[in-house]
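As structure tokens, the structure follows; a few thoughts come after it.
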Amino acid sequence: VQLVESGGGLVQAGGSLRLSCAASGSTFSIDVMGWYRQAPGNQRELVAQIFRGGGRINYADSVKGRFTISRDSAKNTMYLQMNSLTPEDTAVYYCNAWGRGLSYWGQGTQVTVSS
């Protein structure tokens, strides 16, 4: 499975961005997809994840009510709509896919929120 993120950039506090993650390869094997982020000096943390079929979704407490994860199975693409961004959301955002005991990562996309 190959994952390619896009949609990062620089935005002012209070603004919005939408990240995309396009999956290719053995996408039929994917059970869970998620977004993680890593800020300088911090560990990588889970932001949101969505299970196959979209019936189960989890969010980190810090993004609940502001971020929305979604998945278009027909396009093999996952999205993260980020609203009301704050400087604390500044990080490299990574797409992750997990299935059949294997975990895959994208290359990451930088999100910078200015105050």
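The values are calculated or read from the model by the stated rules, or taken from the named source; none is laboratory data. Worth saying up front: this structure is predicted, and the values here are computed from it rather than measured. Positions of Cβ are backbone-derived with ideal geometry, glycine not excepted, and every protein chain shown enters the neighbour counts. Accessible surface is based on the protein model in full, side chains and every heavy atom, while ligands, DNA and RNA are left aside. Shrake-Rupley method; radii C 1.70, N 1.55, O 1.52, S 1.80 Å.
How far is it, in nm, from the label point at ARG56 to the one at SER114 when both lie 7 Å from their Cα along the line to the Cβ?
Between ARG56 and SER114, the label points sit 4.2 nm apart.
Residues with beta-carbon under 11 Å from that of GLY99, excluding GLY99: net charge, scoring Lys, Arg +1 and Asp, Glu -1? All intermediate terms of the calculation are to be shown ahead of the outcome.
Values: positive: ARG52, ARG100; negative: ASP31.
Overall, the nearby charge balance is +1.
When only DSSP loop residues count, what chymotrypsin sites (Phe, Trp or Tyr not before Pro) in the stretch 42-115 have their Cβ near at most 10 other Cβ atoms within 10 Å?
Working: sites: PHE51, TYR59, PHE67, TYR79, TYR93, TYR94, TRP98, TYR104, TRP105; in loops: none.
Loop-located and lightly packed - none at all.
In square nanometres and to one decimal, what's the mean projected area of the convex hull around the Cα atoms of the chain?
Numbers: hull surface 26.8 nm².
For the chain, the mean projected area of the Cα convex hull comes to 6.7 nm².
Leaving ligands, DNA and RNA out of it, report the carbon-plus-sulfur percent of the accessible area of the chain at a 1.4 Å probe. Write down the numbers at each step before the final one.
Numbers: 2870 of 5930 Å².
Carbon and sulfur: 48 percent of the exposed surface of the chain.
Any idea of the accessible area per residue across the chain, 1.4 Å probe, to the nearest Å²?
That works out to 52 Å² for each residue.
Using θ = phi - 60° and the Karplus curve 6.51 cos²θ - 1.76 cosθ + 1.60, what whole-Hz ³J(HN,Hα) does each residue of the stretch 8-25 get, with Gly and Pro shown as x?
Calculated HN-Hα couplings, in order: x, x, 9, 9, 7, 4, x, x, 10, 9, 10, 8, 10, 9, 9, 9, 9, x Hz.
Tell me the net charge near SER16. Cut-off is 15 Å between Cβ atoms, SER16 excluded, with +1 for each Lys or Arg and -1 for each Asp or Glu.
Values: positive: ARG18, ARG66; negative: ASP89.
For residues surrounding SER16, the net value is +1.
Roughly speaking, what is the centre-to-centre gap between the stretch 66-83 and the stretch 1-48 when only Cα atoms are used, to the nearest Å?
9
What residues qualify as long-range amide H neighbours of ARG66, i.e. H under 5 Å apart, gap of 5 or more or another chain, H built at 1.01 Å from N?
Here the answer is none, since no amide H 5 or more places off falls under 5 Å of that of ARG66.
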